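What follows is calculated from the coordinates using simple rules that are stated; it is not laboratory data. Only a predicted model underlies this, so the values are computations on that prediction, with no experimental measurement involved. FYI the Cβ positions are ideal-geometry reconstructions off the backbone, even for glycines, and counts take in every protein chain you see.
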Amino acid sequence: MRFENLDTSHRRPGLLNVLRWSVVDRLLRRRKPCPPGPPADSIAPDLALIHQPHGPPRLTWLGHASLLGCLDNQSFLVDPVFSPRIGLFYPRYAPPGLAAEQLPAIDCLLVTHNHYDHLDRRSVEQLDRNLTVIAPAGLGRWFFRFGFARIVELNWWEEATVGGLHVTSVPARHWSHRRPGDINKSHWCGYVIKGAGVSIYHAGDTAAFDGFQQIAARFPELDAALVPIAGYEPNWFMRHNHLDPEEAGAAFQHLNPRLCIPIHWGTFQMTDESLREPVDRLRKWWLSQTSLAPQQLQVLAIGQTLRLDTQT
């Protein structure tokens, strides 16, 4: 079985396009990657707050798409990557917001898809095997091989409950691939996570699509939306699978959350834009939109914890 997007005309990167992007355009000097430049800002984590067992609802950005959250006194991780590099080619330019050994007790691990910058074996192996794993359909067997016993696979719009957390898998426009022969054999998704009257949306990886409107219709009162803003250059190759900053801004408008948090930037340079260009472009676009309040855009430093009960 191979999974598809809502838009069945979606194109994943084909072999010829990969060769053009990775080899031919470099040789012909049509591709000019930017120097990485400075990464996202980092701050020392507030470990006292992070480890409060009955603390306020909160989110901590660990870098790239990695998130530590706590709702209804339940701690969860989304797409954790603590490693110094992704695969052989992509070094980390900013340290993770927390090391694995600094984490509080984790109740739930959520993974959006199987690409290496979202599912990192070395990072997952450092986690407690007794936590509950929530993964897209077809990916559960990967966690079973590494000794996790509590595994829930979800298709889009299916739900799971872990303690006080209520998790819904929602559509994304992307694809999956980890080894030869497994293209689109596991699904990809975002998640809406609710607990104690607070709801957040983590988009995982996605291109622009009508699914944002569908998510907003089902979850009209999101407190925070975490949407990827990088991975867009060159546009001819990346636009089918990633958002650029302006498309991410439009996605925030469709979702209409109380707070907008950009992710998937400033940590690894996996495409040709510099590390900080995405957030600079998003800020510029945001200021051009008279319908958006400046305080809605929350650009976190790596390691920063955002309390959701103190934001207006």
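Quick notes
- Each of Ser9 and Ala217 was given a label point 7 Å from its Cα along the Cα-to-Cβ line. The distance between the two points is 2.0 nm.
- For Leu154, the residues whose modelled amide H falls within less than 5 Å of its own, excluding neighbours fewer than 5 places apart on the same chain, are Ala135, Ala137.
- FRET efficiency, Asp46 to Ile151 (Cβ-Cβ, R0 35 Å, nearest 0.05): 0.65
- Of Leu275, Gln253, Ser199, farthest towards positive along the dipole that unit charges on Lys, Arg, Asp, Glu beta carbons give the range 195-287: Ser199
- With 0.36 nm allotted per residue and the present C-alpha distance subtracted, the Arg30-Thr161 stretch has 42.2 nm of extension available.
- At q = 0.12, 0.14 Å⁻¹, base-10 log of I(q)/I(0) for the range 73-173 (Debye sum, equal scatterers on each alpha carbon): -0.39, -0.54
- Taken about its Cα centre, the range 1-76 carries a charge dipole of about 800 debye when Lys and Arg each add +1 at the Cβ and Asp and Glu each add -1 at the Cβ.
- Residues whose placed amide H lies under 5 Å from that of Thr305, excluding near-sequence neighbours: Asp46
- Label-point separation in nm, Thr310 to Glu125, each point 7 Å along Cα→Cβ: 3.9 nm
- Hz values of 3J(HN,Hα) by residue in the range 50-55 - Karplus curve (6.51, -1.76, 1.60), Gly and Pro given as x: 4, 9, 5, x, 10, x
- Whole-Hz ³J(HN,Hα) from phi, Karplus 6.51 cos²θ - 1.76 cosθ + 1.60, for the range 205-221, glycine and proline x: 10, 6, 8, 5, 6, 6, x, 4, 5, 5, 5, 5, 5, 7, 10, x, 10
- Residue of Leu77, Leu103, Leu222 that the Gaussian network model of the chain assigns the largest fluctuation, springs spanning Cα pairs under 10 Å: Leu103
- Around the amide H of Leu243, modelled in the peptide plane, lie the amide H atoms of Thr206, all under 5 Å away and 5 or more residues distant in sequence or on another chain.
- Each residue of the range 271-279 was assigned a 3J(HN,Hα) from its phi angle through the Karplus expression (A = 6.51, B = -1.76, C = 1.60, θ = phi - 60°), giving 10, 8, 6, 6, 5, 9, 4, x, 6 Hz with x at Gly and Pro.
- Relative to the current alpha-carbon distance between Ala105 and Leu292, full extension at 0.36 nm per residue lengthens the span by 63.6 nm.
- For the range 154-312, size of Cβ-based charge dipole, Lys and Arg +1, Asp and Glu -1, in debye: 160 debye
- Taken as Cα centroids, the range 45-96 and the range 145-180 sit 18 Å apart, rounded to the nearest whole angstrom.
- Placing +1 on the Cβ of every Lys and Arg and -1 on the Cβ of every Asp and Glu, with no other charges, gives the chain a dipole of roughly 1000 debye about its Cα centre.
- Helical runs assigned H by DSSP (4 residues or longer) give the chain a calculated mean residue ellipticity at 222 nm of -4000 deg cm²/dmol, each run adding -39500 (n - 2.57) before division by the residue total.
- When the trypsin sites (Lys or Arg not before Pro) in the range 47-92 are filtered for DSSP coil states and for at most 12 other beta-carbon atoms within 10 Å of their beta-carbon, no site remains.
- When the chain is treated as a Gaussian network with alpha carbon springs shorter than 10 Å, the biggest mean-square fluctuation among Leu27, Leu282, Leu109 belongs to Leu27.
- Qualifying GluC sites (Glu not before Pro) in the range 204-312, DSSP loop, other Cβ atoms within 10 Å at most 14: Glu221
- Set of lysines with alpha-carbon distance to Lys284 below 16 Å, sequence-local pairs under 8 removed: none
- Alpha-carbon centroid distance for the pair the range 270-287 / the range 201-233, whole angstrom: 17 Å
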